[in-house]
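Just so it is clear, none of the values below were taken in a lab; they were calculated from the coordinates. Just so you know, these numbers come straight off a predicted model, no measurement behind them. Here Cβ is always computed from backbone atoms with ideal geometry, including for glycine, and neighbour counts include all displayed protein chains.
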Amino acid sequence: MSSDSPIVASGEQGGGGNAPVLARCADPAPLGLAGFAMTTFALSVSNAKVWGPGASAALALAIAYGGLAQLLAGMWEFVRKNTFGATAFSSFGAFWIAYYVLVKFIAPGLSSSELPVTVGVFLLGWTIFTFYMTIASLRVSGAVLTVFVLLTITFLLLTVGAFQSADGWTKAGGWVGIATAAAAWYASFAGVVNETFKKAVVPVMPLGR
């Protein structure tokens, strides 16, 4: 998802003098994608009515893996000077933390008429963000583009479902969300395997130069 870029760290070099030493920052994209994939999967199996209690697993993951781990991946992408990766991972890490806050602290205090609008506005904002990030992903890779196209559709379906309090739309969003998680896991898998083997073993279809 990003190209390698060195960072400068201080260290000892011949003669005992201090001199800048180039240190390589590992690619954080597989971590960010994995955190996003697992949390999305847990929530989506609940929305799709496959395993309802999956929503509870999603809440736990939303803080630690989908939230914190993905947010850290975004910070490391800043180090690598990857604007797309930094924006995507930092934002979706924040999304999962915000989702936890919404479910645990905000939603319980809302009336039955306020809740659909609150959740709908929350999801609509993320639909807009994901849509324009999808356009940017056209210069990343086919694997990442697939994730963003599916995620945009997921958010759109869930937004309609929230505003209309329609289980059918939410369930459809759950199924597309499962596909989104699978695509993100694939992209993460490809990143780990290709970096470990130092060659393109798993295809991701690069789109940029």
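One table, with the values for the structure above:
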quantity: Listed peptides 111-118, 160-167, 84-91 by packing density, highest first (mean Cβ within 10 Å); calculated: 84-91, 160-167, 111-118
quantity: C-alpha center-to-center spacing [the range 168-209, the range 136-154] in angstrom; calculated: 9
quantity: Net dipole in debye of the chain [+1 Lys, Arg Cβ; -1 Asp, Glu Cβ; about Cα centre; nearest 20]; calculated: 280
quantity: Exposure proxy ranking, count of Cβ atoms within 10 Å, fewest first, for LEU151, LEU61; calculated: LEU61, LEU151
quantity: Linear extension gain, CYS25 paired with TRP51, 0.36 nm per residue minus alpha-carbon span; calculated: 5.5 nm
quantity: Lys/Arg +1, Asp/Glu -1 at C-beta; the range 28-197 dipole; positive extreme among LEU61, PHE95, ALA73; calculated: ALA73
quantity: Theoretical ellipticity at 222 nm over the chain - DSSP helices of four or more residues, -39500 (n - 2.57) apiece, nearest 500; calculated: -22000 deg cm²/dmol
quantity: Förster radius 45 Å - calculated FRET efficiency between SER165 and LYS199 (Cβ-Cβ, nearest 0.05); calculated: 0.35
quantity: Segment LEU68-LYS104, extension gain: residue separation times 0.36 nm, minus the distance between their alpha carbons; calculated: 11.2 nm
quantity: Relative contact order %, the chain, counting alpha carbon pairs below 8 Å whose residues are six or more apart; calculated: 24
quantity: Packing-based order for 126-135, 42-51, 99-108, using average beta carbon neighbours within 10 Å, highest first; calculated: 42-51, 126-135, 99-108
